[in-house]
Amino acid sequence: GAKALGRGVYCFYSEEMTQGARERLEMEARLRAALAQGHLQLFYQPQVEIASGRIVGAEALVRWLDPDEGLIPPARFIPVAEMSGVIGALGQWVMREACRQGQQWRAAGLPELRIAVNVSPREFHLTDVAACAAQALQDSGFPARCLELELTEGALAERPEEARQTLLRLQEVGVHIAVDDFGTGYSSLAHLKRFPIDVLKIDQGFTRDVPHSADDMAISAAIIAMGQRLGLRVLAEGVETAQQLQFLREHGCDLYQGYLCSRPLPAQEFEALLRAGPPEAPPLPGGDFRAL
Ligand code: C2E
Ligand code: MG
Ligand code: MG
Ligand code: MG
């Protein structure tokens, strides 16, 4: 009867949740160990100034190099880190490592680079990001003007007044603020005016189908125009083709990131690319370009 069914359903869900919770706990423990054992690594993807073709920055993107599993992409462990709170320690490590690497490149005499670090919503609200950034800068000697923090619209839309206070403190520290995946979240456009933001990163979803989707072209062009009017720099993510780059150039987009220039690279390979300069005519991305 209904009772038996109810019990059955209850047992089914209970087992599912136990299984999910167990997997999450296991992942969480492995992630903590990976962090402690130095199994996390930052890859760097060039940010290119469209007018000059020069690499002027890099986005730091975390990977987990598991001795058994190989390279684990962030999509598989950042959500676990967020849910469990490990994101606090992970985010701190990312910030310190990015500053350390940035300062090492400066010391090696490479042209000045801005390094962008992702800060996820829970990290932004649960930890003292401004204090963490200030400490990482102080310990490494990396200049604040060279550090950029990438926040999503979601992080800013949640408790916006508190978010604004944090951004103002970050502005005092001297770091730059970018809004990541712009156009996909639910932040009010009013935030752009009220928050001390420096860069809009157009989500790769809008870049992907240029020049084939009239809608995406209209949206990209509108974001670029709005950014310009607000005095922000605009960066397009996920640029893979020369046609996409041409479209962005025609509309006055400031910067781009994407496989057209390079996929994210280990620090040493990124440094080699910096020394060599980007390829004159980059090859169109093929199959293995997509593998991390
Ligand atoms: P995101 O910050 O929007 O990063 C851009 C993602 O697009 C990266 O994926 C990058 O490898 C990929 N990408 C770059 N160029 C192209 C392209 O031309 N075509 C395509 N199809 N993709 C491209 P990745 O490295 O797997 O990172 C995924 C997300 O994980 C990031 O999205 C970010 O939200 C998060 N993440 C990565 N590293 C960190 C970190 O250190 N801390 C935190 N909190 N989140 C991170
Ligand atoms: Mg990002
Ligand atoms: Mg993004
Ligand atoms: Mg994204």
**Message:** If I filter the range 137-158 down to residues being among the aliphatic types (A, V, I, L, M), modelled with pLDDT of 95 or more and crowded, with 21+ Cβ neighbours inside 10 Å, which single residue comes out as nearest to ILE202 (Cα to Cα)?
**Reply:** LEU151
**Message:** With within 16 Å of ligand 3 (Cβ to nearest atom) and surrounded by fewer than 19 Cβ atoms within 10 Å (Cβ to Cβ) as the only criterion, which of GLY205, GLY109 stands out?
**Reply:** GLY205
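Can you tell me which residues in the range 233-247 are within 16 Å of ligand 2 (Cβ to nearest atom) and either at pLDDT below 95 or surrounded by 20 or more Cβ atoms within 10 Å (Cβ to Cβ) (or both)? Working first, answer last.
First, pick out the residues of the range 233-247 that are within 16 Å of ligand 2 (Cβ to nearest atom): 233-239.
Matches in the range 233-247: VAL234, LEU235, ALA236, GLU237, VAL239.
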**Prompt:** Taking the range 70-89 as the search range and keeping residues that are open to solvent by 20 Å² or more (accessible area, probe 1.4 Å) and outside any helix (DSSP H, G or I), which one is farthest from VAL117 (Cα to Cα)?
**Reply:** GLY70
**Prompt:** Quick one: which of LEU126, LEU65 is in contact with a His (Cβ under 6 Å, 6 or more places away or on another chain), in contact (Cβ under 8 Å) with a residue 24 or more places away in the chain and not polar (S, T, N, Q)?
**Reply:** LEU65
**Message:** Can you find, within the range 173-194, the residue that is surrounded by the fewest Cβ atoms within 10 Å (Cβ to Cβ) among those that are at pLDDT 95 or above and part of a loop (DSSP other than H, G, I, E, B)?
**Reply:** GLY174
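Condition first: open to solvent by less than 50 Å² (accessible area, probe 1.4 Å) and either assigned to a loop (DSSP other than H, G, I, E, B) or in contact with a Phe, Trp or Tyr (Cβ under 7 Å, 6 or more places away or on another chain) (or both). Now tell me which residues in the range 112-126 satisfy that. It would help to see each step written out before you state the result.
Within the range 112-126, the subset open to solvent by less than 50 Å² (accessible area, probe 1.4 Å) is 113, 115-117, 119-121, 123-125.
Hits for the range 112-126 are LEU113, VAL119, SER120.
The values are calculated or read from the model by the stated rules, or taken from the named source; none is laboratory data. As the structure is a prediction and not an experimental result, all values here were calculated from the model. Cβ coordinates were reconstructed from backbone atoms using ideal geometry, including for glycine residues, and neighbour counts include every protein chain displayed. Ligands, DNA and RNA are excluded from the accessible area calculation, which covers all protein heavy atoms including side chains. Shrake-Rupley method; radii C 1.70, N 1.55, O 1.52, S 1.80 Å.
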